[in-house]
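Read the structure below first, then the notes.
The values are calculated or read from the model by the stated rules, or taken from the named source; none is laboratory data. This structure is a prediction, so every number in the text was calculated from the model and none was measured. Heads up, the Cβs are rebuilt from the backbone with ideal geometry, glycines too, and the neighbour counts pull from every protein chain shown.
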Amino acid sequence: MEKKRFALLTSGGDSPGMNAAIRAAVRKCISMGIEIYGINHGYRGIFEKDLRPMSRYSVADIIQRGGTILYSDRCDRMMDSDGPAEAAQILSEYEIDSLIVIGGDGTYKGAEALAKCGVKVMGIPGTIDNDIACTDSTIGFDTAVNTALDAISRIRDTTNSHNRINIVQVMGRACGNIALYSGLAGGAEAICVPEIPYDPDEIAQRVITGKNKGKLHCIIVFAEGAGDINALCKALEEKTSIETRQTVLGYTQRGGSPTAFDRILASTMGAMSVTLLSQGEANKAICLKNNKYISTDITQAVKMQRVFDKSIYELAMVLSI
Ligand code: F6P
């Protein structure tokens, strides 16, 4: 049987757990006698021929590390009409017949384009945003929620000492899941997400009602895609006459040691990507759906729209009265 050679890359915004997925894919390949190359800097590394064989030592001592040892970058060349064909040609020159990509929706779109050029691809959902609809969880989301929650708990202390409002902005692009989950877990008085328009007057009323009931502080978790945090901060201070501050968590959510959940998710998906490719399955996206690991057609995965879970939002509002 001819020797198989796979390749692996990470692309888009990095996320905690990507290294655990890399480690699992490499070691699963080694256990099956399959060569695997690591491509640096996402799809850009294909065009720059920046790739190298991976050994078990290449992935030693990385399961606990945030970030990605293969680096990550955006790649404009892949957006050109002839970019994917050129990338496919370069991969074939290295006798690489299968490519595992770890990233978000943009990464999946690149993989889909390569599949159309004959490359066998397998997608692993790696992004803190949790905005890939075909899977219940993306690698890095749980860690980002816990990072945000740790910050919210710290901010809660000082907000309580000074009887203030603090609006905490989290990442997520156009998806409100980090805000939703960290807000519920952090006991936020209000959560602003892109999926549900918010009314500053309604929030101000919630704050005043809470204060009249004896609440000494107010935490509002604000998804970056929900709107203008500065405008809301100003409006709430004017409408409630309570000192209002804001905290933007930014890139702290993109790093840090992955949680056990993300390490297990990443390790399982990394190994599964190799198993499926070795069995001839290709052009799929690996998903965790209702606690089961499945694969779905990558073209379908790219098209699927995530359904916002309004029940979690409503629960958070009920519990924070
Ligand atoms: O997609 C992950 C993410 O962290 C988003 O939540 C955020 O808006 C974006 O990446 C930031 O992108 P960049 O790293 O290119 O500044």
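Observations, loosely collected:
- Considering residues of the stretch 151-190 that are assigned to a loop (DSSP other than H, G, I, E, B), free of Cβ contacts under 8 Å to residues at least 60 places away in the same chain and at negative phi only, the residue surrounded by the most Cβ atoms within 10 Å (Cβ to Cβ): Gly186
- As for the stretch 191-200, it holds at least one residue that is closer than 15 Å to Ser241 by Cβ and either part of a helix (DSSP H, G or I) or under 17 Å from the mean Cα position of the chain (by Cα) (or both).
- Long-range neighbours under 9 Å by Cβ, at least six apart or interchain, first residue on the phi > 0 side of the Ramachandran plot within the stretch 45-66, second surrounded by 12 or more Cβ atoms within 10 Å (Cβ to Cβ) and modelled with pLDDT of 95 or more: Lys49/Ile90; Lys49/Tyr94
- The residues on offer are Arg23, Arg74, Arg52, and the sole one that is at pLDDT below 95 and basic (Lys, Arg) is Arg74.
- Some residue of the stretch 118-126 being under 21 Å from the mean Cα position of the chain (by Cα), within 12 Å of the ligand (Cβ to nearest atom) and not assigned by TED's automatic domain parsing to the domain that holds Pro197: yes
- Residue in the stretch 113-124 that is surrounded by fewer than 20 Cβ atoms within 10 Å (Cβ to Cβ), within 15 Å of Ala7 (Cα to Cα) and of a type in the set (Gly, Ala, Ser) present: yes
- Residue in the stretch 52-63 that is closer than 21 Å to Asp262 by Cβ, part of a loop (DSSP other than H, G, I, E, B) and within 16 Å of the ligand (Cβ to nearest atom) present: no
Matching residues to (1) farther than 26 Å from Ile298 by Cα; (2) over 25 Å from the mean Cα position of the chain (by Cα):
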{"site": "Leu51", "(1), (2)": "no, no"}
{"site": "Tyr57", "(1), (2)": "yes, yes"}
{"site": "Asp76", "(1), (2)": "no, no"}
{"site": "Ser92", "(1), (2)": "no, yes"}
{"site": "Leu99", "(1), (2)": "no, no"}
{"site": "Asp105", "(1), (2)": "no, no"}
{"site": "Lys109", "(1), (2)": "no, no"}
{"site": "Thr135", "(1), (2)": "no, no"}
{"site": "Gly140", "(1), (2)": "no, no"}
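- Each residue in the stretch 14-35 was checked for being part of a loop (DSSP other than H, G, I, E, B) and buried (at least 21 other Cβ atoms within 10 Å of the Cβ), and 4 of them qualify.
For every residue, the table says whether it meets (1) in contact with a Lys or Arg (Cβ under 9 Å, 6 or more places away or on another chain); (2) closer than 23 Å to Cys175 by Cβ.
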| site | (1), (2) |
| --- | --- |
| Ile191 | no, yes |
| Ala231 | no, yes |
| Ala235 | no, no |
| Glu243 | yes, no |
| Arg263 | no, yes |
| Leu276 | yes, no |
| Ser295 | yes, yes |
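- Residue satisfying condition, being more than 10 Å from the ligand (Cβ to nearest atom), closer than 30 Å to Met272 by Cβ and not charged (D, E, K, R), within set Gly176, Gly140: Gly176
- Screening Gln205 on (1) surrounded by fewer than 22 Cβ atoms within 10 Å (Cβ to Cβ); (2) outside any helix (DSSP H, G or I) shows it passes everything except condition (2).
- Checking Thr135 against (1) surrounded by fewer than 24 Cβ atoms within 10 Å (Cβ to Cβ); (2) more than 16 Å from Leu8 (Cβ to Cβ), the condition it does not meet: (1)
- Residues in the stretch 67-92 that are part of a loop (DSSP other than H, G, I, E, B) and in contact (Cβ under 8 Å) with a residue 60 or more places away in the chain: Gly67, Leu70, Tyr71, Ser72, Asp73, Arg74, Cys75.
- Listing of strands (runs of 3 or more DSSP E) fully contained in the stretch 209-321 that carry 2 or more residues being touching a residue at least 60 places away in the same chain (Cβ under 8 Å) and surrounded by fewer than 17 Cβ atoms within 10 Å (Cβ to Cβ): 244-248
- Test for Leu216: is it outside the structural domain of Pro16 (by TED's automatic domain parsing), modelled with pLDDT of 95 or more and away from the ligand (no atom under 16 Å from the Cβ): no
- Residue match in the stretch 93-112 (condition: more than 16 Å from the ligand (Cβ to nearest atom) and without any contact (Cβ under 8 Å) to a residue 12 or more places away in the chain): yes
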